1. Write down the percent of antiparallel bridges among all DSSP beta bridges whose residues are both part of the chain, to the nearest 5.
2. Does anyone have the angle between helix 170-184 and the longest principal axis of the chain? Alpha-carbon axes, 0 to 90°, nearest 10?
3. How far apart, in nanometres, would the label points at residue 175 and residue 48 be if each is projected 7 angstrom from Cα along the Cα-to-Cβ direction?
4. Along the Cα→Cβ direction, 7 angstrom out, place labels at residue 212 and residue 386. What is the inter-label distance in nm?
5. Just 102, 196, 296 to compare: in a GNM of the chain, with alpha carbon springs under 10 Å, which one fluctuates most?
6. How large is the translational diffusion coefficient of the range 350-417 in µm² per second when you combine the Kirkwood radius over alpha carbon pairs with Stokes-Einstein at 10 °C and 1.306 mPa s?
7. Please compute the contact order of the range 237-315 in relative form: average sequence separation of alpha-carbon pairs under 8 Å and at least six residues apart, divided by the residue count, as a percent.
8. Based on the Cβ-Cβ distance of residue 57 and residue 432, what FRET efficiency does E = 1/(1 + (r/R0)^6) give at R0 = 51 Å, to the nearest 0.05?
């Protein structure tokens, strides 16, 4: 055998009728394959070429399959799945103050958050989401649960100025955040970050301390920003500035900040977000359901802001499907603009993959299928009535595909979902625990 004939043994070969790379050229490979060894992608190309170069005991066949990078959910509150449907059809302020915060005060515990996060991760994984950004409490439980199921996450230590189950003061929350960051920094799946709730729940002094801490520890920040008209009025009354202007004035904004919602931002605020390279998480379904408004995403995109998709928590959405967010956003913005070309299907997929990874500071390692990147890969089965026939692969993903069409999910080179089911662990156990918790919550 000549040296050139050598076939390298690897861990997985994942084939697909379409391999959507999301690389710089946005290459789509017909009859393609991805080669995986360890936690990394070592090659991407035509299926015949890959099979000549590599061999594997684990070849995932690709007939009627779309192979693509895992979807990224850039804003959620994972453990709130246990409050799904608890309080619906009301304004955000009433929803929070009269229902959600009282429920959290009663029920939040490390055990509750661990169990609820497991359910959220299962839902996201089965819908093709391989990484998410969480903003909640008991971050250790969120991280441990996420790592146990094998998902990737950027997990924020939540901070507010008032007492909760996890702290009594901003300084205590910040101290706890430092401990959480030190415990998890450098993990292969979990990236710790700091997540102040908002400019109305955190004073300027608190936000400045948070910013200094994040810079010193070299971790990202995430925050709710300009979600409602009420918030805008509240910040103007306190600081005589709109929310984005206020955060800019205190030196909070930069490329390491991910701002969720950004519904009520004006042109000057969009210019600030673009200039500061702030990432924006567009949570359209939650914003629609709470009647908070609709973020001016086309203007943000035109300004160069990398907008991604967030589901928000399942208590206000009420699901964790990024596929659904893509479809809703692409269609609603067309109607608002009176322009069917706004947020085209290809742009929506970029937002859900490449830009989502960039927003979380993970763009160098995930978000596309390229040699050397971590193997966060999904396969969608398009041999379904609602996905036939196939003319444009991006169009099918955005306008026709559903979470239930996702068949294979790999995270960090490990097969997590195969044949649409969790590989390790019991889905029934996870769901049964949710039902048990639900009975207790409903009884009170």
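Here, each number is a calculation from the coordinates, and none is a lab measurement. Keep in mind it's a predicted model, so treat the numbers as computed, not measured. Every residue, glycine as well, gets a Cβ built from its backbone with ideal geometry; the counts of neighbours run over all protein chains shown.
1. Values: 30 of 65 bridges.
Of those bridges, close to 45 percent are antiparallel.
2. Here the helix axis deviates by roughly 20 degrees.
3. Computed distance between label sites residue 175 and residue 48 equals 6.7 nm.
4. 5.2 nm
5. Of 102, 196, 296, the most mobile in the Gaussian network model is 102.
6. Details: Rh = 13.2 Å.
Taking Rh from Cα pairs, D becomes 120 µm²/s.
7. On the way: 104 pairs, mean separation 23.5, N = 79.
Relative CO of the range 237-315 lands at 30 percent.
8. Details: r = 34 Å, r/R0 = 0.66.
FRET efficiency, residue 57 to residue 432: 0.90.
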